[in-house]
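Here, each number is a calculation from the coordinates, and none is a lab measurement. Everything quoted here is computed from the prediction, not taken from an experiment. Please note: Cβ atoms are built from the backbone with ideal geometry, for glycine as well, and neighbour counts cover all protein chains shown.
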Amino acid sequence: MQLIDIHTHTSSTQKDVFSIENKYPSSTNFSKPFSIGIHPWYISENSLQNDLKIVKEQLSSQNCYAVGECGLDRITETDFSLQLEIFKQQIQLSEKYSKPLIIHCVKAFQEIIQLKKEMNPKQPWIIHGFNRKDQIALDLIRHQIFLSFGEGLLKNERLQETFSKLPLGFLFLETDASEEHIENIYNIASELRKTEKQEIINIVKQNFSRIFKR
Ligand SMILES: [Zn+2]
């Protein structure tokens, strides 16, 4: 019974958990499955070229599963047009290296959908840490964008409500930067869907194999 944690900032030692660890260009240990990207909070014009170079180098690694997290954030200080430019470059990398994209998005969902339409990527896109309302969730799914849910599911009632009625073909679960065990996220997911936990595990696994082809 292996639980997939699609996005985490901590290294799991548990045998029954498969996780994709989030790495930054400054990370040093790439020995486990990981994703790597330039986060909108940490775009620095001084190190940008070097950061992109490191991302590209790591993308050819067998352990690298995805590009990201990268994306758009309306409330961070980084200039929004610079964020857009760096995000687009990472979309292109995701296509070039055939790795799915893990997206950080704060108050910029329409821009994400717009970019999806414009760039028409072949690689799947996953919005991580999704915590917005039904309408946005359905809109993203309609555009074939995957949604990953984390600890918000444990306490955010509006999100629980949203989660309970979404189509599950676009679902992932994650721990992100929280201390929560991924098993608790699967438990609450199963409770909210009134479905056996094994069924949720199977659905996430199917979604995973479908997009990572492994
Ligand atoms: Zn994260």
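Structure remark: mean-square fluctuation, Gaussian network model of the chain, C-alpha springs under 10 Å; the largest value among SER98, SER164, SER31 belongs to SER31.
Rounding to the nearest 10 and keeping the result within 0 to 90°, find how far the Cα-based axis of helix 197-212 lies from the longest principal axis of the chain. With both axes taken from Cα atoms, the answer is about 30 degrees.
Within 10 Å of each candidate Cβ there may be at most 10 other Cβ atoms; applying that plus a DSSP loop requirement, which trypsin sites (Lys or Arg not before Pro) in the stretch 140-197 survive? Answer by residue number: LYS194. Adding -39500 (n - 2.57) for every DSSP H run of four residues or longer, then dividing by how many residues the chain holds, sets the calculated 222 nm ellipticity at -12500 deg cm²/dmol.
Candidate cross-link partners of LYS56 among the lysines, defined by an alpha-carbon separation under 30 Å and a same-chain spacing of 8 or more, comprise LYS15, LYS23, LYS32, LYS88, LYS96, LYS99, LYS107, LYS116, LYS117, LYS122, LYS205, LYS213.
Collect residues whose amide H, placed 1.01 Å from N in the peptide plane, falls under 5 Å from the amide H of GLU69; neighbours closer than 5 in sequence don't count. Correct list: LYS23, GLY37.
For a paramagnetic label modelled at 7 Å from the Cα of GLN89 toward its Cβ, which residues of the stretch 52-67 fall within the zone defined by backbone nitrogen distances under 13 Å? Inside the label zone: 52-57. The modelled label-to-label distance for the pair HIS143/LEU48, using points 7 Å beyond Cα in the direction of Cβ, is 2.3 nm. Any idea what log10 I(q)/I(0) is at q = 0.08 Å⁻¹ for the chain, Debye with uniform C-alpha scatterers and no solvent? The Debye formula, applied to the Cα set alone, gives -0.25.
The value of relative contact order for the stretch 3-212, using C-alpha pairs under 8 Å at least six residues apart, is 18 percent. Maximal additional length on extending the ARG158-SER209 stretch stands at 15.4 nm, based on 0.36 nm per residue less the C-alpha distance.
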